[in-house]
Structures are given as structure tokens and as C-alpha cells.
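Everything on this sheet refers to the single structure shown next.
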């Protein structure tokens with residue numbers, strides 16, 4: 001749990017129990033009887049859905065634990081690549097963006113969040 005005021009654009013947050021990458025953070029001034037509010041807009045890492053929340057800047061929110069790892073592409077079929085982790089040699093399927101031209105033997109970065117994996121672009 002972290003305070004909203006410490007979050008930055010490009011960071012990660014959990015909205016509706018879904019890990020998301022922060023696109024924008026807008027903060028409003030404190031009112032006469034209230035605290036400053038922050039509006040956070042983010043995109044889900046696994047589903048690509050746009051989500052937003054509005055909370056006081058002092059509110060605590062969940063932040064997912066993200067592990068960045070390296071893998072090697074074993075085979076590619078359409079938008080799914082079979083990848084082998086370079087540390088554990090674990091094999092798994094990974095959804096790849098259509099605009100990415102991957103071939104067998106390429107090394108890629110991927111992220112693992114709560115047991116789920118996704119392709120990672122810098």
C-alpha cells in the first residue's frame with residue numbers, strides 16, 4: 001500500500017484488483033472543507049481496458065509486485081509465442097502484440113505479476 005501522492009506516470013497501480021499502468025495523474029486543489037483529490041487514469045496490463053479512480057491524495061492504494069524477467073522465443077504462431085525463461089528454463093505461452101516481429105531465438109523481456117505473465121516493452 002502506498003499513498004496516491006507518491007505515484008508517478010508510467011508506474012503501476014491495482015484498480016478493481018487488476019494491475020494497470022498509469023497514463024495520467026491529475027490533482028485538484030484542496031477545498032475549504034476537503035482535501036486535494038487525485039484522478040488517476042490507467043490501462044490494464046492483461047486486458048487493455050481503460051480504468052480510472054478518484055481519491056484523496058492521502059489515500060492508500062495497492063501497487064502490484066512486478067518481476068521483470070528475460071526469456072527466449074522458442075516458437076511463434078500468429079500472436080502467441082512460446083517462451084523459455086532464461087533463469088528457470090520454464091516454458092510458457094505469451095501473448096505478443098501484432099506489430100512486434102519476433103522470430104525463434106530472440107531474447108525478450110516479460111513481466112510477471114501474481115503468477116500471470118505479459119510481454120514487456122521498454
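The rows are residues; the columns are (1) farther than 30 Å from residue 101 by Cβ; (2) more than 21 Å from the chain's Cα centre (by Cα).
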position	(1), (2)
8	yes, no
11	no, no
15	yes, no
20	no, no
27	yes, yes
34	yes, yes
62	yes, no
79	no, no
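The stretch 10-50 holds strands (runs of 3 or more DSSP E) entirely within its bounds, and those carrying 1 or more residues that are at pLDDT 95 or above and exposed (fewer than 11 other Cβ atoms within 10 Å of the Cβ) map to 18-27.
For the stretch 101-109, does any single residue satisfy the condition of being assigned to a strand (DSSP E or B) and closer than 21 Å to residue 17 by Cα? No, because not a single residue in the stretch 101-109 is assigned to a strand (DSSP E or B) and closer than 21 Å to residue 17 by Cα.
Applying the condition of being touching a strand residue (DSSP E or B) at 6+ places or on another chain (Cβ under 6 Å) and part of a loop (DSSP other than H, G, I, E, B) to the stretch 80-100 and asking which residue is farthest from residue 25 (Cα to Cα) yields 86. Flag not set for residue 55, criterion: closer than 22 Å to residue 17 by Cβ, assigned to a strand (DSSP E or B), in contact with a strand residue (DSSP E or B) (Cβ under 7 Å, 6 or more places away or on another chain) and without any contact (Cβ under 8 Å) to a residue 40 or more places away in the chain.
The values are calculated or read from the model by the stated rules, or taken from the named source; none is laboratory data. This structure is a prediction, so every number in the text was calculated from the model and none was measured. Every residue, glycine among them, receives a Cβ derived from its backbone with ideal geometry; neighbour counts consider all protein chains shown.
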